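This report concerns only the one structure given below.
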Amino acid sequence: MASEFIVAIELGSSNIRGIAGKKNLDGSINVLAVVTEDSSQCIRKGVVYNIAKTGQCITTIINKLKAQLHREITQVFVGVGGQSIRSVRNVIVKEFPEETMITSEMINELMDANRSMSYPDQEILDAATQEYKVDKQYQIDPVGIKATRLEGNFLNILWRKQFYDDLNTCFDKAGIAIAEFYLAPLALADSVLSEAEKRGGCVLVDLGADTTTVSVYYKNILRHLAVIPLGGSNITRDIASLQIEESEAEEMKLKYGSAYTDNSDIDNTLNYPLDDDRTVSSRKFVEIVEARLDEIIENVWCQVPSEYYDKLLGGIILTGGGANMTNIKKAFHNDTHVEKIRIAKFVNQTITSSNKLINSHDGRMNTLLGLLAKGDMNCAGGEYDANADLFDKEKKPGVTTADVHRVARSNDEIAQGVVLTAAEKAKKEEDLRRKREEDDKRKRDEEEKRRREEEEERRRNSPLRKFGRKVKSFLGGMMDPEDE
């Protein structure tokens, strides 16, 4: 088995999935192992609500991966997503007393000031730089330009702080270090969107079980991100309202469900079986499915800022399990009137795997594969001994997240989509606090020095001092003739 590999974990509403893969020099990826655990009892809308059970699921996934890989796992890459993720625009301005050349240090100060923004009960997961305004001109990279005013425009991506804390706690309880947190929607976008789509403007819609994620791109920049708490399971529950089990409703959705059916194509004589004694007419079934789907599409389109309606040259890109529904493109076209719509059934990377879920190319594994593609650190440890894991009560402590992130990264090292772990965030905040204290001390010292100089200047220019200098000068002048 490979001595080097990358491990990624996606925490979904229906399943938690773990994957291990090896990257090749040509950029392709060999998938070595895939593990799935049911998460319906611990995750809702993509968010942890039962920490203990989630920790157990993560532990089970790690152990199963280790057994397949025959290697210890030292760290993992994790995707962050789910309900309450939203984006907020923010502007930070720096004024200069005179024309000054913009430096990278000034840009970092703007970034730090933006990262320090406080939102009630919200955690800043990521800050996507939109552009900079140098005096009256917009620039992507303003370093080296002279100006009297520098304005940074940022898109802050927020999540409820409690969700962030709970997620960190789950991995602490599982005893596995986090190599990196990635914003799952951004990792997905990097794997399924083309550069032309991002540049020309597009809307990426990830149709999941419990949530639908909307990402808007323009000029290669993320312009808006939102998660709608509606997904395929809502359609399933609506069908289940016909007094059938949800598992049966899911089967009916997959077998008969269509995102759009023309009225003339509906067979009024056709009935679908519910159980031994009951049926539902095809027309009523169509109405149930389309009503909920129309609601989801309307909510998706409401999330697209109006200023980008005419800038979507890349159109709408659909992905996720929900994108497999029959006539889904037609339904989105009818509600949004966007002509260009495609379904991203697989990632752009070359993937080699024997796993049926991955080889099905149905969009369900796209986010997990996107996270795997983002990984850039070896996650393999020593040889795995399953028996030792069971009976060795004095196991040596493994690598912790704090160990992995002993040194807080600079703004230049933090790529878009990377979310600071709790350990890394604490380290960075401590470094910033120390820097602020040093800056405050320097300012106080400078202020004290300036105050002493001003006090000395006032003493020199006081009326008494001036009179004394005149007297001394006068007396010195009277003595000069005698000296001559």
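The values are calculated or read from the model by the stated rules, or taken from the named source; none is laboratory data. Just so you know, these numbers come straight off a predicted model, no measurement behind them. In this analysis, Cβ positions are derived from the backbone assuming ideal geometry, glycine residues included, and neighbour counts consider all displayed protein chains. Ligands, DNA and RNA are excluded from the accessible area calculation, which covers all protein heavy atoms including side chains. Shrake-Rupley method; radii C 1.70, N 1.55, O 1.52, S 1.80 Å.
Can we say S87 is polar (S, T, N, Q) and either under 23 Å from L207 (Cα atoms) or without any contact (Cβ under 8 Å) to a residue 12 or more places away in the chain (or both)?
Values: polar (S, T, N, Q): yes; either under 23 Å from L207 (Cα atoms) or without any contact (Cβ under 8 Å) to a residue 12 or more places away in the chain (or both): yes.
Criteria met by S87.
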Original post:
Here are some residues: K253, K284. Which one is on the phi < 0 side of the Ramachandran plot, surrounded by fewer than 20 Cβ atoms within 10 Å (Cβ to Cβ) and of a type outside the set (D, E)?
Top reply: K284
Original post:
Can you tell me which residues in the range 91-131 are closer than 16 Å to Q416 by Cβ, open to solvent by 40 Å² or more (accessible area, probe 1.4 Å) and of a type in the set (D, E, K, R)?
Top reply: R115, E131
Original post:
Taking the range 330-341 as the search range and keeping residues that are on the phi < 0 side of the Ramachandran plot and open to solvent by 80 Å² or more (accessible area, probe 1.4 Å), which one is nearest to the chain's Cα centre (by Cα)?
Top reply: K340
Subject >> Test: P229 is open to solvent by 20 Å² or more (accessible area, probe 1.4 Å) and within 30 Å of F77 (Cβ to Cβ) >> reply: yes
Subject >> Within the range 35-55, tally of residues that are open to solvent by 10 Å² or more (accessible area, probe 1.4 Å), farther than 20 Å from G208 by Cα and touching a residue at least 24 places away in the same chain (Cβ under 8 Å) >> reply: 2
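Let's see how each residue does on (1) in contact with a Cys (Cβ under 9 Å, 6 or more places away or on another chain); (2) under 30 Å from R86 (Cα atoms); (3) not in a helix (DSSP H, G or I):
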residue: L225; (1), (2), (3): no, yes, yes
residue: N234; (1), (2), (3): no, yes, no
residue: D277; (1), (2), (3): no, no, yes
residue: F285; (1), (2), (3): no, no, no
residue: I316; (1), (2), (3): yes, yes, yes
Subject >> Listing of helices (runs of 4 or more DSSP H) fully contained in the range 364-413 that carry 3 or more residues being β-branched (V, I, T) and modelled with pLDDT of 95 or more >> reply: none
Original post:
Take the residues of the range 15-34 that are in contact with a strand residue (DSSP E or B) (Cβ under 7 Å, 6 or more places away or on another chain) and among the charged types (D, E, K, R): which is least open to solvent (accessible area, probe 1.4 Å)?
Top reply: R17
**OP:** Any residue in the range 222-233 that's under 28 Å from R199 (Cα atoms): show its pairings with residues that are charged (D, E, K, R) and assigned to a helix (DSSP H, G or I) at Cβ separation under 9 Å, as long as the two are six or more apart or on different chains.
**Re:** L222/K198; R223/E307
Subject >> Segments classed as strands (runs of 3 or more DSSP E), wholly inside the range 134-202, with at least 1 members that are of a type in the set (D, E, K, R) and open to solvent by 60 Å² or more (accessible area, probe 1.4 Å) >> reply: 146-160
